[in-house]
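Some notes on the structure that comes next.
Nothing in this text is a laboratory measurement; each read-out follows from the coordinates by a stated rule. Since we're looking at a predicted model, the values are computed, not measured. We place every Cβ from the backbone using ideal geometry, glycine too, and count neighbours over all the protein chains shown.
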Amino acid sequence: MTVDRRQRLLAVPHGLLSVPTLRIVEAASGLCELLWLVDESVPGNAVTSRLLRKVGTVVNLAGLSPEETVSVLRAHVPDGVVAYRDADILLVSLIATELGLDYHTPEVARRLLDKLLQREALCNSGLPSPLCWKVPADADPAAVEALAAKVEFPAVLKPRRSSGGRYTMLVADAGDLVRQVALLPPQAGGETGMFVEQYLPSLATGPSERFGSYVSVESLVAGGEISHVAVTGRFPPAEPFRETGLFIPADLAQAQLAAVLEVATAALRALGVRTGDCHTEIKLTPDGPRVLEVNGRLGGGVPEMLFQASGVSLVQLSMRVALGEPVVRSPIPCARVGWCLMFQAPTSARRVVSISGLERLAELPGVNEVFVNRSPGDPVNWRDGTRQYIYSVFGVSADYDELLEVNSFLHEQVSVAYE
């Protein structure tokens, strides 16, 4: 089949928690046409599809098997594929394999999605990794007690496949592990279940004594060539492991930066990543940088922060890689500090009663967006992780001191009451 078009065609799945539509459209302008892959049986997606049809071609995935999806896409002859959500990575890897396009292979995709498989791959490659144990699928109390006798505490209980700290918690000892597993709802582990891994201790202070002791490395990989385009810093998390603030570039000394990038490179090599986007979370421990997890997509909020800091579109760079172009030189120079701050509820909170002071945030220099995620009357549940944040603030600062001032203002001038 011959397709007559002026630009290359990029297939992009779209749905809840995708990179915003307009950001994708802006990044594609002058670069490629868009082939949107949308499951219109999902509530809300049919409405979204009407918008997407104005800025590209839509393929409705509702009711299609992966094989049927490949057959439909073959007729469109896409030049590349990219995924911006975990939920799309495995399907896109299957599509790419069948159509001969560059992307994560299905084997690599499974390692990127399943944290236990990922740990095993990192360990087998020789990277220092915490010990891990699989939680019995039926969570039988006797089996969990037997598991607890093998675990080295403190440890972290988490889903094998999840993001944002969802159902992730610190367990202090064997009794605590048995109790926490018993409290998990049936959906906590999804199809792959839960696992336990040794807790990685933090440095006595953060890498710069002002921020948290973990970072993430944002990478593009093309034909096996790795480019670490940015390193994202963190504020200390809210208990147990919920994000409170991210910023680009991270505040790292040159020696720390070099060590972090070396570990990120080794992790991507160990997982077999050859083409695609990756977001590698790394903790600074007394024994050096250690991998927390590797995600096979752009990090949440990262494109927005990098654009504020540098004026460079990471979404467009990822599209260029997906279309077969070589990676950019790294890291991307940043003249400013782009950031996203998130306000998390205490673990005791069950419902938001009131929020006051948000209008003051909008008046601060550098603040570009204030988004309310939980309004008065909405329930909150810390077990659902970072995604339960009350509100977020995106912006840009001249330096880290200005960023710290905004963060202090957020906690001192905005008040949230809970039940």
Checklist entry - If you stretched the chain out fully between residue 120 and residue 285, how much longer would it get, using 0.36 nm times the residue separation minus the C-alpha to C-alpha distance? => result 57.4 nm
Item to check | Environment charge of residue 93, counting only residues whose C-beta is closer than 9 Å and scoring Lys/Arg +1, Asp/Glu -1 | outcome: 0
Checklist entry - From the Cα gyration tensor of segment 215-324, with a ≥ b ≥ c the square roots of its eigenvalues, which class applies: rounded if a/c is under 1.5, or else prolate if a/b is larger than b/c, or else oblate? => result oblate
Checklist entry - Going by a ≥ b ≥ c, the root eigenvalues of the Cα gyration tensor, does segment 104-156 fall in the rounded group (a/c under 1.5), the prolate group (a/b larger than b/c) or the oblate group? => result oblate
Item to check | Global size of segment 336-419 as Cα Rg and Dmax, reported in angstrom | outcome: 13.0, 39
Checklist outcome for this item: Here, trypsin sites (Lys or Arg not before Pro) of segment 14-82 satisfying both criteria (DSSP loop; at most 14 other Cβ within 10 Å) are 53, 54
Checklist entry - Does segment 126-265 come out rounded, prolate or oblate, given a ≥ b ≥ c as the square roots of the eigenvalues of its C-alpha gyration tensor, rounded meaning a/c under 1.5 and, failing that, prolate meaning a/b above b/c? => result prolate
Checklist entry - Tell me, Kirkwood radius of segment 181-248 from alpha-carbon pair distances, in Å? => result 15.1 Å
Item to check | At most 14 other Cβ within 10 Å, DSSP loop - GluC sites (Glu not before Pro), segment 99-153 | outcome: 152
Item to check | Measure of compaction for segment 131-198 (Cα Rg per 2.2 N^0.38 Å) | outcome: 0.96
Checklist entry - Which ³J(HN,Hα) values in Hz, rounded to whole numbers, follow from the phi angles of segment 88-102 under the Karplus curve 6.51 cos²θ - 1.76 cosθ + 1.60, where θ = phi - 60° and Gly and Pro get x? => result 9, 4, 5, 4, 5, 5, 5, 4, 4, 4, 5, 9, x, 9, 7
Checklist outcome for this item: Once the mean of 1/r over all distinct C-alpha pairs in segment 23-166 is inverted, the Kirkwood radius in Å reads 18.3 Å
Next on the checklist: Which residues does the label zone of residue 371 cover in segment 316-340, counting backbone N under 16 Å from a point 7 Å along Cα→Cβ?
Outcome noted: 339-340
Checklist entry - So what's segment 8-101 giving for Rg/Rh, alpha carbon basis, Kirkwood Rh from the mean inverse pair distance? => result 0.92
Item to check | Segment residue 269-residue 51, length gained on full extension (0.36 nm per residue, minus Cα span) | outcome: 74.6 nm
Checklist entry - Given Cα pairs under 8 Å that are at least 6 residues apart, what percent is the relative contact order of the chain? => result 14 percent
Checklist entry - Most fluctuating residue of 396, 352, 221 in a GNM of the chain with Cα springs under 10 Å: which is it? => result 352
Item to check | Most fluctuating residue given options 297, 351, 234, as computed from a GNM of the chain linking Cα atoms under 10 Å | outcome: 351
Checklist entry - Where in segment 203-288 are there GluC sites (Glu not before Pro) that are in a DSSP coil and have at most 12 other Cβ atoms within 10 angstrom of their Cβ? => result 209
Checklist entry - Picking from 233, 212, 190, which is most flexible by a Gaussian network model of the chain using Cα springs under 10 Å? => result 190
Checklist outcome for this item: Computed from the beta carbon distance with a Förster radius of 41 Å, FRET efficiency for residue 398 and residue 153 to the nearest 0.05 stands at 0.40
